[in-house]
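Asker: Please find one structure pasted underneath; my questions will follow.
The values are calculated or read from the model by the stated rules, or taken from the named source; none is laboratory data. The shown structure was predicted, so the numbers you read here are calculated from the model rather than taken from an experiment. Here Cβ is always computed from backbone atoms with ideal geometry, including for glycine, and neighbour counts include all displayed protein chains. Protein only, heavy atoms only, side chains kept; ligands, DNA and RNA dropped before computing areas. Shrake-Rupley method; radii C 1.70, N 1.55, O 1.52, S 1.80 Å.
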Amino acid sequence: MATLLRSKLSNVATSVSNKSQAKMSGMFARMGFQAATDEEAVGFAHCDDLDMEHRQGLQMDILKSESGEESGEPPLEGDIHYQRDGTGPLPPSASKEACSELSGQGKPKITAWEAGWNVTNAIQGMFVLGLPYAILHGGYLGLFLIIFAAVVCCYTGKILIACLYEENEDGEIVRVRDSYVDIANACCAPRFPTLGGRIVNVAQIIELVMTCILYVVVSGNLMYNSFPNLPVSQKSWSIIATAVLLPCAFLKNLKAVSKFSLLCTLAHFVINILVIAYCLSRARDWAWDKVKFYIDVKKFPISIGIIVFSYTSQIFLPSLEGNMQNPKEFHCMMNWTHIAACILKGLFALVAYLTWADETKEVITDNLPSTIRAVVNIFLVAKALLSYPLPFFAAVEVLERSLFQDGNRAFFPNCYGGDGRLKSWGLTLRCALVVFTLLMAIYVPHFALLMGLTGSLTGAGLCFLLPSLFHLKLLWRKLLWHHVFFDVAIFVIGGICSVSGFIHSLEGLIEAFRTNAED
């Protein structure tokens, strides 16, 4: 009987270890050990949410057999298993080494430079191509906003990480939370212990889906402007791009896609250098007189959303900081990455605007001469198509876990069969999500409006409003007066910018939707 029990326990432990290693390998792949980087860091947002769910479910307990209960014998030391319902405290007899091994904490962690590389990919990605358009409607105030957004996002990233820690009975600062969702739930406890997490998840899903839509929009826009003589409209190019992306519905993991991500990021930096080099070659014709202090009241709030969206990274920072070799270097890493981003974004936006002035388009590469525009845009389209699976897969995972795989709290039946395969209707829903991104791209093919709307709605909320609010709620007794002042100021200013940008972007989208419907 004892041999049978040990055999059973061994099988359970092996199965659990395999699952744990699979999840953690996916997480570390997104942390830089594989080439799994993306300019919007949606892989990290996905990792942050799944890591929270995984940690909640991976609480350990003594595995009690019926024979052991009847005989009153104590359980064998080390006989442990994971309980998905999160019940059962970890007994003292369970060794910390086993817990550490099974939770993946013994795996290599990333350095501050690797963490900085991932943050850089998040905040200096493909969507910086819309920043010159923000300068068009904001002038010098737009440049100031690029600097201001960098300072605020750096600060809110730091205070968000501070919310992960609390002081224990011995006066030591210890990490008691693991994710953005944990922080949100802690702020809403005890009355609504899961409300905050649901709000963060909804914001995350909106941002991920809108990112997918933006990739389809920019693909259609770039192809249409690269080959204007072809009898193919922008809508038709978007449909072609979506047809290429439809296999994303069959994705089981991102292992294959992640191999191309680093190359895409490097190619994007090369493209940025080419654009700047062309602009510098026309330095004699720069229109300095076009950069003014006035703003376009109707369109500048949209520019705010564009700039904020280009800095979004807060959603994955808790997971990133938790996997650093030396978390004390996190603040320094945030400083130099955001300073670098601020300088590069400001120079790129200003130089590009000075080159084309009032003719600056929503996607700056559309202003390039036709001789090099087609080549540059084709590379950008390839990058957009290869980047699409990351936010799509992350959004699908969050939706499936919250709606179909949340145990007794799930709203719908499990979309996976007993053998782990996706059911046919689950696959249909995935395909429907791909088609939804196409329909949005067709009816609202405006890159700047969609980017401004997303930045004003979810970007400002996740980067400005929620971190400052959570910081005040969890640590207000220990905050100095200037921290309280900064948090309140950021919350108020961020709220005003968010509401203003959202209203103006929504008005523009509604107008564009009506125009396209009439056509």
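Asker: Sort out which residues of the stretch 434-458 are surrounded by 17 or more Cβ atoms within 10 Å (Cβ to Cβ) and either modelled with pLDDT of 90 or more or touching a strand residue (DSSP E or B) at 6+ places or on another chain (Cβ under 7 Å) (or both), and write them in order of number.
Answerer: If the condition is that a residue be surrounded by 17 or more Cβ atoms within 10 Å (Cβ to Cβ) and either modelled with pLDDT of 90 or more or touching a strand residue (DSSP E or B) at 6+ places or on another chain (Cβ under 7 Å) (or both), then Val434, Thr437, Leu438 are the ones that fit.
Asker: Separate question: Within the stretch 459-474, does at least one residue satisfy the condition of being surrounded by fewer than 24 Cβ atoms within 10 Å (Cβ to Cβ), in contact (Cβ under 8 Å) with a residue 60 or more places away in the chain and either of a type in the set (D, E, K, R) or not in a helix (DSSP H, G or I) (or both)?
Answerer: Scanning the stretch 459-474, I find at least one residue that is surrounded by fewer than 24 Cβ atoms within 10 Å (Cβ to Cβ), in contact (Cβ under 8 Å) with a residue 60 or more places away in the chain and either of a type in the set (D, E, K, R) or not in a helix (DSSP H, G or I) (or both), so the answer is yes.
Asker: Any residue at all in the stretch 106-122 that's touching an Asp or Glu at 6+ places or on another chain (Cβ under 9 Å), open to solvent by less than 70 Å² (accessible area, probe 1.4 Å), of a type in the set (A, V, I, L, M) and at pLDDT below 80?
Answerer: yes
Asker: Can you tell me which residue in the stretch 293-308 is farthest from Leu347 (Cα to Cα), limited to those that are of a type outside the set (Val, Ile, Thr) and open to solvent by 100 Å² or more (accessible area, probe 1.4 Å)?
Answerer: Filtering the stretch 293-308 for residues that are of a type outside the set (Val, Ile, Thr) and open to solvent by 100 Å² or more (accessible area, probe 1.4 Å), the one farthest from Leu347 (Cα to Cα) comes out as Lys298.
Asker: Any chance you could count how many residues in the stretch 309-356 are over 22 Å from the mean Cα position of the chain (by Cα), closer than 19 Å to Phe144 by Cβ and either of a type in the set (A, V, I, L, M, F, W, C) or open to solvent by 30 Å² or more (accessible area, probe 1.4 Å) (or both)?
Answerer: 8
Asker: Are any of the residues in the stretch 140-155 in a helix (DSSP H, G or I) and farther than 30 Å from Leu449 by Cβ?
Answerer: For the stretch 140-155, residues in a helix (DSSP H, G or I) and farther than 30 Å from Leu449 by Cβ: absent.
Asker: Sticking with this one: Would you be able to tell me the number of residues in the stretch 285-301 that are of a type in the set (D, E, K, R) and in contact with a Gly (Cβ under 6 Å, 6 or more places away or on another chain)?
Answerer: Result for the stretch 285-301: 1.
Asker: Now a separate question. From the set of residues in the stretch 358-375 that are open to solvent by less than 10 Å² (accessible area, probe 1.4 Å) and hydrophobic (A, V, I, L, M, F, W, C), which is farthest from Phe250 (Cα to Cα)?
Answerer: Ranking the candidates gives Leu368 first.
Asker: Mind telling me which of the residues Leu214, Leu222, Leu208, Leu230 ends up being more than 20 Å from Leu386 (Cβ to Cβ) and modelled with pLDDT of 85 or more?
Answerer: Leu230
Asker: If you don't mind, another one. Within the stretch 158-199, work out how many residues are in a helix (DSSP H, G or I), of a type in the set (Val, Ile, Thr) and either open to solvent by 20 Å² or more (accessible area, probe 1.4 Å) or over 22 Å from Ser402 (Cβ atoms) (or both).
Answerer: Looking only at that region, the number is 3.
Asker: Further question: Could you please find all residues in the stretch 475-498 being open to solvent by less than 90 Å² (accessible area, probe 1.4 Å), over 26 Å from the mean Cα position of the chain (by Cα) and under 15 Å from Cys163 (Cβ atoms)?
Answerer: Residues satisfying the conditions are Leu479, His483, Val484.
Asker: Taking the stretch 283-312 as the region of interest, how many residues are under 21 Å from Ser505 (Cβ atoms) and small (Gly, Ala, Ser)?
Answerer: 3
Asker: Please tell me if Glu169 is closer than 24 Å to Ala241 by Cβ and among the acidic types (Asp, Glu).
Answerer: No, not satisfied.
Asker: Let me ask something additional. The conditions are (1) modelled with pLDDT under 90; (2) touching a Cys at 6+ places or on another chain (Cβ under 8 Å), and Ala189 fails exactly one of them. Which is it?
Answerer: Among (1) modelled with pLDDT under 90; (2) touching a Cys at 6+ places or on another chain (Cβ under 8 Å), the lone unmet condition for Ala189 is (2).
Asker: Go through (1) within 20 Å of the chain's Cα centre (by Cα); (2) open to solvent by 70 Å² or more (accessible area, probe 1.4 Å); (3) aromatic (Phe, Trp, Tyr) and name the single condition Tyr155 misses.
Answerer: (2)
Asker: Only residues that are open to solvent by 20 Å² or more (accessible area, probe 1.4 Å), among the aliphatic types (A, V, I, L, M) and over 30 Å from Leu466 (Cα atoms): list them for the stretch 200-249, please.
Answerer: Met223, Leu230, Val232, Ile239, Ile240, Ala243, Val244, Leu246
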